[in-house]
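Remarks on the structure that follows.
What follows draws every value from the coordinates through simple rules; no lab data is involved. Computed from a predicted model, the values in this text were never measured in an experiment. Heads up, the Cβs are rebuilt from the backbone with ideal geometry, glycines too, and the neighbour counts pull from every protein chain shown.
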Amino acid sequence: WGMAPMLFLGIFMLMGGAQGSTSGGIKIDRIKIMGETLVWWFKRAVLSPKAVVLMRHDGKAVKESQAETLVSKSLLLILCYLLLLAGTLIILLHDPYFASNAAGTIFDVLSCVGNNGASAGMISALMPDYSKVLLFIVMWAARLEIIPVMILFWGLIRGFGWESVTRGHK
């Protein structure tokens, strides 16, 4: 395959499925929210500062405070996915095995984030062991959603605070 079809499919793999689906990725609803937000921000920038412009989500008006919260949560998750993707690519593309076919590596990492199983052939039994572990963690984190995985790692590193919970129950 050429680079353009792989990139096109890779973008859709990164988007993932719908909310509640078993796919990984950013999720279609978050992409939709970001599109609606861009329209909302553009209208606010173009119209008079005195104009009241409501954000619409699923055809319903959303209060500005709720819209800001909705947008910030979606942006945070999208940023986390992009950081996961970029970090994985930076690590893998420093290895000659993966650097020999950068387009295939990018496609396969996008597939890991989207948890869909498509491959350009870079993922195989021949790849270095560290990359198998890394891609396993990427697939696992993307499948479970990034924020819960970050909370788990934070708890493992800093402690879950069980001592404050059990202190009163002696």
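Using the average count of surrounding beta-carbon atoms within 10 Å as a protection proxy, the listed peptides 23-33, 114-124, 87-97 rank, highest first, as 23-33, 114-124, 87-97. Of all complete DSSP H helices in the chain, those with a Cα span along the helix axis of 24 Å or greater and a mean Kyte-Doolittle hydropathy of -1.0 or more are 28-46, 64-93.
What is the sum of charges around K132, taking Lys and Arg as +1, Asp and Glu as -1, for the other residues whose C-beta is under 14 Å from the C-beta of K132?
Details: positive: none; negative: D95, D108, D129.
Result for the local shell: -3.
Computed over the chain with a Gaussian network model linking Cα atoms closer than 10 Å, the most mobile of L152, L82, L144 is L152.
Qualifying GluC sites (Glu not before Pro) in region 62-170, where qualification requires a DSSP coil assignment and no more than 16 other C-beta atoms within 10 Å, comprise E145. Dipole size of region 3-161 about its Cα centre, with +1 on Lys/Arg Cβ and -1 on Asp/Glu Cβ: approximately 640 debye, rounded to the nearest 20. Quick one: in the chain, what % of C-alpha pairs are over 25 Å apart? Everything past 25 Å amounts to 47 percent.
In this calculation the C-beta distance from K63 to D95 is compared with R0 = 41 Å, giving a FRET efficiency of 0.25.
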